[in-house]
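The values are calculated or read from the model by the stated rules, or taken from the named source; none is laboratory data. In this text the structure is predicted, and so the values were computed from the model without any measurement. For neighbour counting, all protein chains shown are included, and Cβ atoms are generated from backbone atoms with ideal geometry for every residue, glycine included.
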Amino acid sequence: MTLDQATIAQLAERLENAELNRQPVTRITDAYPDMDWDDAYGIQSAIRKRKVARGNKIAGLKMGLTSRAKMKQMGVETPVYGFLPDYGSYADGAEIDMATFIHPRVEAEVAIVTRTELSGPGCHIGQVLPAIDFVVAAVEIIDSRYENFRFDLKSVIADNTSAAGFVAGSMIREAADLDMPTLGVVMEKNGEIVELGAGAAVLGHPASSVAMLANMLASRDEAIPAGAFIMTGGITAAVAVGKGDAINVRFQDLGKVSMSFK
Ligand code: 0L1
Ligand code: MG
């Protein structure tokens, strides 16, 4: 770690205020170019503690930047993880208030709910598959707190990987009934197809993303608890949304997820 606790706390406050007040800020590595990965996850963890202290619950965990399309879109090379605050959970079909966000984007994901705890290091897909309770379609709403989504990997980790909301579908399936890598996804915006993809876009298999999450958490002496809801990462590139837009995502074997923005 290169930052002291007072600076970590101050950066967590700055980024959380940007979220709560919908006022974007410049990326934090401009001011702290020497910050390291522990600093970045330390700031994210301090934001999480601020929310929990205020009475928010943690609805789940997320992996981000798990596909080539997303890495290319954002100009980065490594997956990242974050947490999902409860107030970002929207029902399927919800009309979502644009005033909640700065410049939201949506991406289609496979979500996995665990039955048993998973811990690293050394966690692999062979341990993840039997630990899955069920699989559900989901759409993540991301909203960077940085101006123009301009960030680098450490800045975006500190900003809780742009997590802002999610909508889960209503059909739940057992992992054994799905071929997750070939599971197709079609995203429509206002009735037009804007993105297409398949589950393999997520590190070859969405369950591999869960294994990677367990291994990344292990380096902070944490594990994935039983019953965790995990967004495994975008299958499609993220699509910008604005007032009046309707999003409908069809998932092969998992039904559809829709929402609109007002
Ligand atoms: O969930 C994601 O893949 C987002 C990770 C952060 C990068 C971004 O804001 O696009
Ligand atoms: Mg995502």
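Name the residues in the range 77-119 that are surrounded by fewer than 17 Cβ atoms within 10 Å (Cβ to Cβ), under 19 Å from L153 (Cα atoms) and not acidic (D, E), would you?
Scanning the range 77-119 gives a single hit, T78.
So which residues in the range 30-44 are within 17 Å of G82 (Cβ to Cβ) and not aliphatic (A, V, I, L, M)?
Residues satisfying the conditions are W37, D38, D39, Y41, G42, Q44.
L213 versus (1) under 19 Å from K70 (Cα atoms); (2) outside any helix (DSSP H, G or I); (3) within 16 Å of ligand 2 (Cβ to nearest atom): which is the lone unmet condition?
All conditions are met except number (2).
Got at least one residue in the range 59-79 being more than 13 Å from ligand 2 (Cβ to nearest atom), touching a Pro at 6+ places or on another chain (Cβ under 6 Å) and either within 21 Å of N17 (Cα to Cα) or not hydrophobic (A, V, I, L, M, F, W, C) (or both)?
Within the range 59-79, not a single residue is more than 13 Å from ligand 2 (Cβ to nearest atom), touching a Pro at 6+ places or on another chain (Cβ under 6 Å) and either within 21 Å of N17 (Cα to Cα) or not hydrophobic (A, V, I, L, M, F, W, C) (or both).
Within the range 41-59, track down each residue that is surrounded by 14 or more Cβ atoms within 10 Å (Cβ to Cβ), over 16 Å from the mean Cα position of the chain (by Cα) and not basic (K, R).
G42, I43, A46, N56
Pull out all pairs, ordered by first then second residue, where Cβ-Cβ is under 6 Å, the residues are six or more apart or on different chains, the first lies in the range 108-126 and is under 30 Å from I247 (Cβ atoms) and within 16 Å of ligand 2 (Cβ to nearest atom), and the second is modelled with pLDDT of 95 or more and acidic (D, E).
E109/E140
Somewhere in the range 124-143, is a residue assigned to a loop (DSSP other than H, G, I, E, B), modelled with pLDDT under 95 and buried (at least 17 other Cβ atoms within 10 Å of the Cβ)?
First pass over the range 124-143, keeping only residues assigned to a loop (DSSP other than H, G, I, E, B): 124, 143.
Now narrow it down to the ones that are modelled with pLDDT under 95: none.
No, every residue in the range 124-143 fails to be assigned to a loop (DSSP other than H, G, I, E, B), modelled with pLDDT under 95 and buried (at least 17 other Cβ atoms within 10 Å of the Cβ).
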